[in-house]
Amino acid sequence: STGHPSGFMELSFSKEWLKVEFVSFDSEWQFNGFSSGDILPGGISRGHCWFLYKSGNTPGVPCNASKEGLVGLPT
């Protein structure tokens, strides 16, 4: 969540392309303690995203929905 920046890389594959996207918490998550009952879940926030062609000789292409800022950090 905001102030708790962590996330994962989401990989999607087709025969021609690899899609790489950073996924993190959205601002709705609340971490109010250390037990599972103290956590109010929210959704996901998608950030930096690229398509990479299989040949490796073609430059990557940013996804239309790519956000080039920091995801999960306070703004």
Q | Scan of region 15-40 for residues that are free of Cβ contacts under 8 Å to residues at least 24 places away in the same chain and surrounded by 11 or more Cβ atoms within 10 Å (Cβ to Cβ), ordered by number | A | Ile39, Leu40
Q: Tell me, yes or no, whether region 51-60 has at least one residue that is aromatic (Phe, Trp, Tyr), part of a strand (DSSP E or B) and modelled with pLDDT of 85 or more.
A: yes
Q) Has region 7-14 got at least one residue that is over 12 Å from the mean Cα position of the chain (by Cα) and either among the aromatic types (Phe, Trp, Tyr) or surrounded by 14 or more Cβ atoms within 10 Å (Cβ to Cβ) (or both)? A) yes
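The values are calculated or read from the model by the stated rules, or taken from the named source; none is laboratory data. Remember, it's a predicted structure, so these values are computed and weren't measured experimentally. Because the Cβ atoms are built from the backbone with ideal geometry, glycine has one as well, and the counts that use them run over all protein chains shown.
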